[in-house]
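Okay, so here's the structure we're looking at.
The values are calculated or read from the model by the stated rules, or taken from the named source; none is laboratory data. Everything numeric here is computed off the predicted structure, so don't read it as measured data. Neighbour counts run over all protein chains shown; Cβ positions are idealised from the backbone, glycine included. Heavy atoms of the whole protein, side chains included, go into the accessibility calculation; ligands, DNA and RNA do not. Shrake-Rupley method; radii C 1.70, N 1.55, O 1.52, S 1.80 Å.
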Amino acid sequence: MKRVKYSKIRKLQPNTLEYSGAFPDTPISMQLFVYTEDFFEEYNDLTLKEMEQIIKKSDPNAIKWFNLHGLHDVDLLYKIGEFFSIQPYIMGEILNFSRRTRVEDLEDTLFFSLKAILPNTEKNQALWIEQISFILQSNFLLSFQEKKGDFFLMIRERIRKRIGQVRKRDNGYLLYTLIDSLIDSFFMRLDEVEDRVEDVLLAARIRYKREILFSIEGLTQELNDIKRAILPMREALNNVRTLHDKKESSTIISEESMLFYDRLQYKSIEILEQIEYNFNKLDSATNYYFSAQSYRMNEIMKVLTIVSVIFMPLTFIVGVYGMNFENMPELTSPNGYYYTLFTMLVIVLLMIAYFKWKKWF
């Protein structure tokens, strides 16, 4: 059975900046996008000082997307938090991988902590769920990834080549596209799981093997872990709408962009429905497995019963003539042995013909 990497990590105290993840050797990489509808600049492999200088010189009205790969350098995280005026406990939450998906509205800052499924590079690879954090400020979006993946590859291309609406809208829309990419990772994994569920269901119908039960258990565990990650995401997306609708809330997501977050909530519900659908299929496969097991056992018992019934009259005949009483005329007959064998053969054939007529086998 596959081992699922999810949250077997040490708990941290609040406001503590301490790395507790599973990728301490990931190379640290900082990337910065600065863009408007008609302007675009991209910076890769930045140092913290270079990033600060670029942001200070850039257009204040331009959208700035800062992405960090690798979270094990605590000092670097602390300095980034100071530069962007992020509260220390939020930076601590970025490194706290035991927490569930959530959203927090802090007046001028919106903090998202979400779960995503790392890309499956090998067939039947163990399920790895990564925590990705976002901080949304005025004209700023910060994303923090523990491990470098290709979640946002298409978003970067859309920014570079001015495809779609991302260059025409605000940073709230940019955050929507990034979260949408994370949700798509669940759809892609579920498609793979669903193919394996179909294979298991087909195998349970046509043959009886103990490995089928192990496969069902593994798939059930994987679906439970996916559900464990997506269920809080649906709640967090619902909280975004709730926070935005409150008059006292100062969330920085515009009403125009908020409409897209409602779509994300619908997609999370769709994922949950797809998970439940696959659970039902696995239940069917389990029922097929145990039904096949019961049917196979019944077939075995039927064969053994028929054989036992066939031999019952033969055993009776053998027992009668094995008593060796003196007054048994058949024992002195020169052809008694052959007559007895012939009678026993006729009995066997008649019983087999009767069973066939009754369609008992």
Problem set entry | Extreme residue, modelled with the lowest pLDDT, among residues of segment 102-143 that are small (Gly, Ala, Ser) and not in a loop (DSSP other than H, G, I, E, B) | Ala116
Exercise. Only one of Arg241, Arg207 is farther than 18 Å from Ile132 by Cβ, loosely packed, with under 13 Cβ neighbours inside 10 Å, in contact (Cβ under 8 Å) with a residue 12 or more places away in the chain and of a type in the set (D, E, K, R); which?
Worked result: Arg207
Seminar exercise, completed: The correct count of residues that are more than 14 Å from Phe144 (Cβ to Cβ) and open to solvent by 20 Å² or more (accessible area, probe 1.4 Å) in segment 59-80 is 4
For this session: Inspect all residues belonging to segment 88-101 and state whether any of them is within 20 Å of Tyr173 (Cβ to Cβ) and either touching a residue at least 40 places away in the same chain (Cβ under 8 Å) or outside any helix (DSSP H, G or I) (or both).
Result: no
Exercise. Just to be sure, is Glu52 touching a strand residue (DSSP E or B) at 6+ places or on another chain (Cβ under 9 Å) and either of a type in the set (Lys, Arg) or more than 21 Å from Glu130 (Cβ to Cβ) (or both)?
Worked result: no
For this session: Please find, among Ile54, Ile80, Ile90, the residue that is aliphatic (A, V, I, L, M) and under 30 Å from the mean Cα position of the chain (by Cα).
Result: Ile90
For this session: Might you let me know whether segment 241-249 holds any residue that is at pLDDT below 90, touching a strand residue (DSSP E or B) at 6+ places or on another chain (Cβ under 7 Å) and over 23 Å from Arg158 (Cα atoms)?
Result: yes
Problem set entry | Subset tally (residues that are open to solvent by 60 Å² or more (accessible area, probe 1.4 Å) and either among the small types (Gly, Ala, Ser) or under 59 Å from the mean Cα position of the chain (by Cα) (or both)) for segment 338-351 | 1
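Residues checked against (1) among the aliphatic types (A, V, I, L, M); (2) under 18 Å from the mean Cα position of the chain (by Cα):
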| site | (1), (2) |
| --- | --- |
| Thr109 | no, no |
| Leu127 | yes, yes |
| Leu142 | yes, no |
| Gln145 | no, no |
| Ile159 | yes, no |
| Arg162 | no, no |
| Arg167 | no, no |
| Tyr176 | no, no |
| Ala204 | yes, no |
Problem set entry | Those residues of segment 55-79 which are in contact with a strand residue (DSSP E or B) (Cβ under 7 Å, 6 or more places away or on another chain) and not hydroxyl-bearing (Ser, Thr, Tyr), in sequence order | Ile55, Ala62, Ile63, Lys64, Trp65, Phe66, Asn67, Leu68, His69, Gly70, Leu71
Exercise. Of the conditions (1) open to solvent by 100 Å² or more (accessible area, probe 1.4 Å); (2) touching a helix residue (DSSP H, G or I) at 6+ places or on another chain (Cβ under 9 Å); (3) at pLDDT 85 or above, Thr286 fails just one. Which one is it?
Worked result: (1)
For this session: Could you please let me know if Val318 is open to solvent by less than 80 Å² (accessible area, probe 1.4 Å) and either assigned to a helix (DSSP H, G or I) or under 20 Å from Ile212 (Cβ atoms) (or both)?
Result: no
